[in-house]
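In what follows, a single structure is set out as structure tokens and then discussed.
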Amino acid sequence: MREKQENLNRRTFLGESSCAAVGSIGALSTMLNLKLMSSLSAEEVNPGGDYKALVCVYLAGGNDSFNMLAPVDEVGFDEYSVARGSIGLAVDQFTPLNYAIPDGRSLGIQSEMAELAALFQSGKAAFVANVGTLVEPTDLSAILNQTAKLPLGLYSHSDQEIHWQSSLPDTRTSSSGWGGRMADLLRDLNEDGGVSMNVSLAGTNLFQVGDSTSVFAKNPGDIPGITNWNDPNPVKRNAIQSILEAEYENVFKRALATRTRDAIEAGEAYRTALQGIPALASTFDSQNPLSLQLKDVAETIAARENLGKKRQTFFVRVGGWDHHGSLNSHPAMLGSLSQAIGEFQVAMSELCVEDQVTLFTASDFGRTLSPNGGGSDHAWGGNQFIVGGAVEGGKVHGIYPELALGNNLDVGRGRMIPTTSVDEYFADLALWMGVSPQNISSVLPNLSRFHSVVDSGAPIGLFGA
Amino acid sequence: MKESKKVLAIVLATALVGFQPLSGAIDYDGDGVSELWAQLYPQLAHDQRDSDADGQSNFAESVAGTDPTNPSSRLELKVHSLSVNTITFEWQTIIGKTYRIQRWSPQSGEWEALVTSPTATISEIRQVVVPAVEPVGVYRMSVGDVDQDADGLTAWEEALFGWSDSDPFSANGGEMSDFSFASKSLEAPEGILLTDGRSIPQRLPTASEAARFLVQASFGPNEEEIEKVTNLGFSAWFEGQLSMPTTTTQASMFSTGQPFSAGLWRHGWWRSALIAPDQMRQRMAYALSQIFVVNTESGTVIGDNVTTQARYYDPLLTEGFGSFRDLLEHVSYSPAMGFSLSHLNNRKSDPALGQFPDENFAREIMQLFTIGLWKLNPDGSRQITDGGLFIPTYDNSVITEMAKVFTGMSHSRVNSGEIATSFYQGAQGNDYQYPMKVWDEEHEPGIKVLFDGVIVPEGQSGEEDVQQTLDALCAHPNVAPFVSRLLIQRFTSSNPSSEYLTRVSRAWEMGEGNLEHVMRAILFDSEARTMSHGGGIRGKVREPLIRMTHFMRAFGELDEPGKFGVFANKLKSDMGQFPMSSPTVFNFYLPDYLPQGELQSEGLFCPELQIATASSLLATHNLFAGTVNSGHWVRGVDYTQELILLAEDNDSLLDHFDRLMTYGAMSGETRAAARSMLEVFSNPDTKIRQALQMIINSPDFSILR
């Protein structure tokens, strides 16, 4: 308790202008040293990374990400326009990133995404091109020959969402997500008890479910709790507790009682941790649902010391990306996404954790390049982005594909075979969080089919070489 | 050595619950005794007492099928003769019972099965020869029931009815399953004349059994409905529900006393759930709305037009016990669905523009509404190749082909009710209530190659293409197990046994997709009707919305016009659900959701816990407690004078709550917690509110078992 108080005081004392000093509070507590001896390898207690958090922004429905990041040079844009037909945007609907990929094409970002463009230009955001679920490396001929091992339920929302979150596209019965398995390794860095290190602002999800780590799922703005729980008269509380602690013969009764007890306990711990945390000066748009979720993430990060956390993951989600009927609303949705992330980065800067918090996007799949009229259909590889001070920004990582229909990545209608697997994408993030190369296979069991971290380091280099 | 062996057999003839059938018997009260046997000896306690003092308890005699009032009727294993190395046993058989001779193994310390004798088809003295391995042997007989056709009735029960245990539809010309017909027969006023000449009296459900049945088949039991079921019996109540006129939401919403608004349909739905007499139909439509998912929250052309909402939902009511094929047609042609899954205004390919048909509806009609992703066995398990792989029902080429089928669909009425003359005409909000039309001018011509070699030939009209495709989908062998499972999950069990699902699928096939038969099979099954069935792993977490309607039906102020308003958005945000407001076509929860913890490690699905976050669990808790207190969000809770009088006696009040809320199965802990509230408070109204707050938020109330 004393240690927490000291940290709080020091931060208050140092004030906003002293991010660097705060970031270097490096001494590990006795607890961490003990944990080091027991279970963790050196990389997992990296003293330089005193606090780290990953924020998963899930774009449910399948973002049409080739209208988010597109070639804007003459040749490249021509190819884009032909492939996309009636759903292609005009060239002036993209903001040039002044960034050329190795084949000479230069890319632009959908112009509603001003905040993201600025973060890219300042080196705090990067894209990962044409990433998707893969069981193993494959190519067009193997797919046409039907010899390829492909993700189960390819192009189906429910399956691909599960695969993106589990990183196990060869099974439909995943019981854990990669974020949860990562937390199973890293959770010992945190103090025991209280609120889970995995916090969701968007309901239950597979991403954060571990073998031993659970998810604290709350609504934005809510502190979960039973009304008048802390009433001085304990009669009602005792009665409720006696019902929840009873030994039930039916498994569903046990499950519901356990969940309710956990919710009460976590809610109380969360409420306590937030007490005394000053309100953020940074503002969030109250009309933007993603802003509201990210505001809660920022507030929870602000309370990280009271919560006893050195590592956290967050899950936020915004739906409505399944643009079959029309892409008319897509640019504005990208704009809201960018706005919320811009607000979040300002808040991270205010909290002096810009370098310690990385936000990344995920989505069911990319969409067909060819139109179905006004919209596009389910496809496979797509473009994602990551944001944070630690990111090797201002770059498009991975291979941005040719967009001409019928190219050697096109399995039909511009459904692109991913050139980077989700395993590779997530491996960079997990290594940054402090998972050791030796242990990465327990987080991403399929990674070795694509890349050897032990031999070659991080697969993509999202955080530099 | 052999010659010198002298056999000395020590025989223990014991009636045992040796091998009960997997699928149970007709056992409404869950006491492990067939109701048929119970009705034969209605005055007898079915426990360890031994009324005829023959050394075998009444319960043991129920297992053996012997007469517990006649000391000479008892299961007895006798030694008929001994040879050098064999023993010949004999005993009196009872038709339908199966017998097993076991030998005690000193080596393993267990009883080992020596002989299982075929199920008795006649009453006889049966002899069986067994080898005598050791000079001294300890033998016993166990007796049990089998259910060879897995219809939920034991061979013994079927024999007494005169039906076959190798055909689940052997009674009544296959009109309904044997179990359903047995249920009906038991409730016949004249009783049943059994094949052995004995007759048994009518058996009607107890109040607790009726309440539990109504938890499954309605939006919640109340005194009036419980009395109907106990007077009529389950079967007659069920048949009565089928023939009752449909309460449409179109009619209900104008009887709510609420002002006209975009939210009126939701008030209408609420009123129907709370007071419509055709409760089972209302429950079925709600279940179907969680399969054929359309979002009607305000802010869209669908959400802002209450007539469109009613015209989408009401066929789920009127056709809810009709043919699945008709429902699928309604859904496929509905502009509300067309708007949601974007096949409204879906156009044919345009090679010049590089444009292809929209695949959205084509995919989801297969994946979610009819056949699912994997080829299934009739018991719902996935078919597996020799290589151990699941078999997809279709690949992406089938989706692109099926997308072509659903091209050309557009409004049949435009400009507020005018008959449309082309695909391209614009429509107003009210035009969305009329089924779409398939316009050939934008329908993809040519052959379409669908799943399993189904070919939609060249040269048909768009209408013919669509009709043929709907036929093909409904003829797919997956439909029965796939949709049956989704329905079972809504009504009775999150994890039906393969036998239960097989029986419901079979009823689907027998009735050619008629949902009346399916519903009968879901409710009239040993797994649904026996509370203790399957031990602690059966049952389900009830939907929070249905817990809310249950409470309101039992205690709400429902007799005043103008009281049928509901704060739908509040309920949705607290509980995570309200009808027709799932954010995606995947419903509020997935059928295969495995919650972390014990359920996951046991491999038990629990869809309803997918919406149970820390926030929603506790918000629901607070919402329910608040509803018990004031009813504000659901408008009107009033505890009657009778209830207030009942509050003078704690035990009577708790019994009353137990019957209405937890069908007589309230745990000691919940009862104690509720009682502690009754003892702390003295004002009768406060006592009621405080005790009910404990019960409404208890696992006993939240879980159906």
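Just so it is clear, none of the values below were taken in a lab; they were calculated from the coordinates. These numbers come from a predicted model, not from an experiment. Because the Cβ atoms are built from the backbone with ideal geometry, glycine has one as well, and the counts that use them run over all protein chains shown.
Among the listed pairs A:Lys218/A:Lys295; A:Lys218/B:Lys540; B:Lys228/B:Lys540, a Cα-Cα separation exceeding 22 Å is found for A:Lys218/B:Lys540; B:Lys228/B:Lys540.
Ordering B:Val136, B:Gln102, B:Pro118 by Cα displacement along the dipole of segment B:8-145 toward the positive end leaves B:Val136 in first place; charges were set at the Cβ atoms of Lys, Arg (+1) and Asp, Glu (-1). Distance between the C-alpha centres of segment B:201-227 and segment A:210-289: 36 Å, rounded to the whole angstrom. Karplus-derived 3J(HN,Hα) values for segment A:277-284, using 6.51 cos²θ - 1.76 cosθ + 1.60 with θ = phi - 60°, are 7, x, 5, 6, 7, 4, 10, 10 Hz; glycine and proline are entered as x. Computed over neighbours whose Cβ is under 14 Å from that of B:Ala568, the net charge equals +3, Lys and Arg +1, Asp and Glu -1.
Normalising by residue count, the protein assembly as shown has a Cα convex hull of 209 Å³ per residue. In this calculation the C-beta distance from B:Gln107 to B:Gln48 is compared with R0 = 41 Å, giving a FRET efficiency of 0.85. Shape class for segment A:344-460: oblate, because the ratio a/c of the largest to smallest gyration tensor axis (alpha-carbon atoms, square roots of eigenvalues) is 1.5 or more and b/c is at least a/b. From the square roots a ≥ b ≥ c of the eigenvalues of the alpha-carbon gyration tensor of chain B, which class results: rounded (a/c under 1.5), prolate (a/b over b/c), or oblate? Oblate, since a/c reaches 1.5 and b/c is not below a/b. Give A:Lys52/A:Lys149; A:Lys149/B:Lys404; A:Lys253/B:Lys572 a once-over and call out the pairs whose C-alpha atoms are over 30 Å from each other. Listed pairs above 30 Å: A:Lys52/A:Lys149.
Quick check for you: which residues of segment B:156-189 have the amide N under 17 Å from the point 7 Å beyond the Cα of B:Arg198 toward its beta carbon? Counting only backbone N, you get B:156-163, B:186.
With N the number of residues in segment A:94-143, Rg(Cα) / (2.2 N^0.38 Å) evaluates to 1.51.
Calculated FRET efficiency, B:Glu239 and A:Val235, Cβ-Cβ r, R0 30 Å, to nearest 0.05?
0.05
Rounding to the nearest 10 and keeping the result within 0 to 90°, find how far the Cα-based axis of helix B:279-289 lies from the longest principal axis of chain B. The angle comes out near 60 degrees. If the segment from B:Thr640 to B:Ala475 were pulled out straight at 0.36 nm per residue, it would be longer than the present Cα-Cα gap by 54.2 nm. Fully extending the segment from B:Ser72 to B:Val138, taken as 0.36 nm per residue of separation minus the present Cα-Cα distance, adds 21.3 nm. Exposure here means at most 14 other Cβ atoms within 10 Å; with chymotrypsin sites (Phe, Trp or Tyr not before Pro) in a DSSP loop as sites, the longest stretch of chain B lacking them is B:425-705. Residues of chain B were split at every exposed loop site, defined as GluC sites (Glu not before Pro) in a DSSP loop with at most 11 other C-beta atoms within 10 angstrom, and the longest piece left, sites excluded, is B:191-457.
For the residues of B:695-705, the average number of beta carbons from a partner chain within 10 Å of their own beta carbon is 5. Placing a label point 7 Å from the Cα of B:Ser422 along the Cα-to-Cβ direction, the residues of segment B:322-348 whose backbone N falls under 18 Å of that point are B:345-348. What fraction of the DSSP beta bridges in the protein assembly as shown is antiparallel, stated in percent and rounded to the nearest 5? About 65 percent, rounded to the nearest 5. All other residues whose Cβ lies under 12 angstrom from that of B:Met519 are scored, Lys and Arg at +1 and Asp and Glu at -1, for a net of +1.
For a test of the definition: using alpha carbon positions, the gyration tensor, and the 1.5 limit on a/c, classify segment B:591-673 as rounded, prolate or oblate. Oblate, because a/c is 1.5 or more while a/b does not exceed b/c.
Note on segment A:181-233: with charges restricted to the Cβ of Lys and Arg (+1) and Asp and Glu (-1), its dipole about the Cα centre is near 200 debye.
Cα-based values for chain A, radius of gyration first and Dmax second, are 22.7, 75 Å. Against chain B, whose longest principal axis comes from its Cα atoms, helix B:324-333 is set at around 20 degrees.
Within chain A, DSSP assigns beta bridges of which about 40% are antiparallel (rounded to the nearest 5). Per residue of B:670-678, other chain Cβ atoms within 10 Å of the residue Cβ number 3 on average. Which residues in segment B:637-675 have a backbone N closer than 14 Å to a point placed 7 Å from the Cα of A:Ser242 along the Cα-to-Cβ line? Under 14 Å, as judged by backbone N against the label point of A:Ser242, lie B:667-675 of segment B:637-675. The string of couplings for segment B:79-84 from the Karplus curve (6.51, -1.76, 1.60, θ = phi - 60°) is 8, 7, 6, 10, 10, 4 Hz, one whole number per residue in order, with x for Gly and Pro. How large is the translational diffusion coefficient of segment B:8-145 in µm² per second when you combine the Kirkwood radius over alpha carbon pairs with Stokes-Einstein at 25 °C and 0.890 mPa s? The estimated diffusion coefficient comes to 156 µm²/s. Database remark: amide H of A:Phe94 closer than 5 angstrom to the amide H of A:Ser111 (H placed geometrically; neighbours at sequence offset of 5 or more, or on other chains; Pro and chain starts carry no H). Annotation: average projected area of segment B:155-239 is 6.0 square nanometres, based on the convex hull of Cα atoms across all directions. Database remark: amide H of B:His80 closer than 5 angstrom to the amide H of B:Thr88, B:Phe89, B:Glu90 (H placed geometrically; neighbours at sequence offset of 5 or more, or on other chains; Pro and chain starts carry no H). In this label model, A:Ile143 and B:Ala352 are separated by 3.0 nm, measuring between points 7 Å along each Cα→Cβ vector. 3J(HN,Hα) along segment B:690-704, derived from phi through the Karplus expression 6.51 cos²θ - 1.76 cosθ + 1.60 where θ = phi - 60°, amounts to 5, 5, 5, 4, 5, 6, 5, 9, 8, x, 4, 7, 6, 10, 9 Hz, with x in place of Gly and Pro. Axis of helix A:251-274 versus longest Cα principal axis of chain A: the two differ by about 80°, to the nearest ten degrees.
Normalise the Cα radius of gyration of segment A:124-276 by 2.2 N^0.38 Å (N = residues in it) and let me know the number.
Working: Rg = 20.8 Å, N = 153, 2.2 N^0.38 = 14.9 Å.
My calculation over the Cα atoms of segment A:124-276 gives 1.40.
The mean number of Cβ atoms from other chains found within 10 Å of a Cβ in peptide B:367-376 is 2, as a whole number. Placing +1 on the Cβ of every Lys and Arg and -1 on the Cβ of every Asp and Glu, with no other charges, gives the protein assembly as shown a dipole of roughly 1760 debye about its Cα centre.
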